[in-house]
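Visitor: Input: one structure, supplied below.
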Amino acid sequence: MPPVHLFLLPHQDDEYGVFHLLERAVERGHRPVCIYLTDGSLAGADPQVRDAESRKVLTALGVAEADIHFLGSRFRVPDGGLAEQLGDALPRVLEVAAALGAMESIQVPAWEGGHEDHDAACALAVVAAQRWRMADKLRQFPLYTAGGRKLWPYRVLAPISENGPVDSTPIPASRRVRYLRLCLTYRSQLKSMTGLMPFIASHYAIRGTQDLQRIDPVRLRERPHPGPLLYERMRGGTFESFGARIGRFLDATGAT
């Protein structure tokens, strides 16, 4: 059986943060498995359309269609509501993983205050990794955050220093161009991708790396970074409320 690499993704398009990891796994003869945790229905988006867009991107990277699991759409977990349903999402993820065999790594969006669902997925991944005794194989990848920002309201694909040392892998230039083209597949997300694409392109042009960080479970009890979080500014939530929900989930599951 080929080694399994598990990707826990809150939304259909979050895979843009790990295109290179997915493709490398396929090239090595390994088995990337993607689990989507919400239905991506924010602002009236059609979950089936979003599922199809991510399926098209992933299969283009070589991921087997049978290894793409849209749990969020199946169980109608609303975009923006993952934190409230972590208690239900955890056993669903554990059930899928139980049929996969030995896993070599787990990847999840970073604890960076960009989107509540991203941070909620990070908490879920920490608990799941502890259940599987794989905490040392768990890594977080950046998507977008207000942490460390200067001129612009947010940064994209930029690890925050609060999450510790960064493991960076260069992405070949030819692949960066192709990955940018893959981002155009998310046509239902034109508005959000219009805001992200210039920063993704800038990252590929200047740094061109796939960045990962370990996850310290203690961080899940802490504000991701000083100052206003992006979801506080853009979506009106507060870390105090969100953090309390995450804390209750961690306490209920016995996470350490």
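Each reported figure results from applying straightforward, stated rules to the coordinates on display, with no laboratory input. The shown structure was predicted, so the numbers you read here are calculated from the model rather than taken from an experiment. Heads up, the Cβs are rebuilt from the backbone with ideal geometry, glycines too, and the neighbour counts pull from every protein chain shown.
Visitor: Calculate, in nm to one decimal, what Arg181 and Lys56 gain on full extension: separation in residues at 0.36 nm each, minus their alpha carbon distance. The partial results should precede the final answer.
Guide: Details: separation 125, 0.36 × 125 = 45.00 nm, distance 1.25 nm.
43.8 nm is the gain from fully extending Arg181 to Lys56.
Visitor: Moving on to the next point. May I ask you to give the average projected area over all directions of the convex hull of the Cα atoms of region 174-223, in nm² rounded to one decimal? Intermediate results must be reported in sequence, preceding the final value.
Guide: Details: hull surface 20.7 nm².
That works out to 5.2 nm², a quarter of the Cα hull's surface.
Visitor: Can I ask one more? Suppose R0 equals 45 Å; then what is the FRET efficiency for Glu240 and Ser174 from their Cβ-Cβ distance, rounded to the nearest 0.05? Mind showing how you got there, number by number?
Guide: Details: r = 46 Å, r/R0 = 1.01.
FRET efficiency, Glu240 to Ser174: 0.50.
Visitor: OK, next. So what does log10 I(q)/I(0) come out to for region 1-50 at q = 0.27, 0.32 Å⁻¹, using the Debye formula with one equal point on every Cα and no solvent?
Guide: Taken in order of the listed q values, log10 I(q)/I(0) reads -0.98, -1.17.
Visitor: Here is a further query. Quick check: Cα centre of region 66-84 to Cα centre of region 10-64, how many Å?
Guide: The distance from the Cα centre of region 66-84 to that of region 10-64 comes to 13 Å.
Visitor: Related question: If the chain were replaced by its equivalent ellipsoid, with semi-axes equal to the square roots of 5 times the Cα gyration tensor eigenvalues, what would those be, largest first, whole Å?
Guide: Working: eigenvalues 109, 100, 70 Å².
They are 23, 22, 19 Å, listed from largest to smallest.
Visitor: Can you list the lysines whose alpha carbon sits under 17 Å from that of Lys56, skipping same-chain ones fewer than 8 residues off?
Guide: none
Visitor: Once you place label points 7 Å from the Cα toward the Cβ at Arg133 and Arg221, how far apart are they in nm?
Guide: 2.5
Visitor: Rounded to the nearest 5, what % of the DSSP beta bridges within the chain are antiparallel ones? Mind dumping the intermediate values first?
Guide: Values: 7 of 24 bridges.
The answer is about 30 percent antiparallel.
Visitor: Give, in whole angstrom and from largest to smallest, the semi-axes √(5λ) of the equivalent ellipsoid of region 122-256, with λ running over the eigenvalues of the Cα gyration tensor.
Guide: Working: eigenvalues 155, 76, 41 Å².
Equivalent-ellipsoid dimensions as semi-axes: 28, 19, 14 Å.
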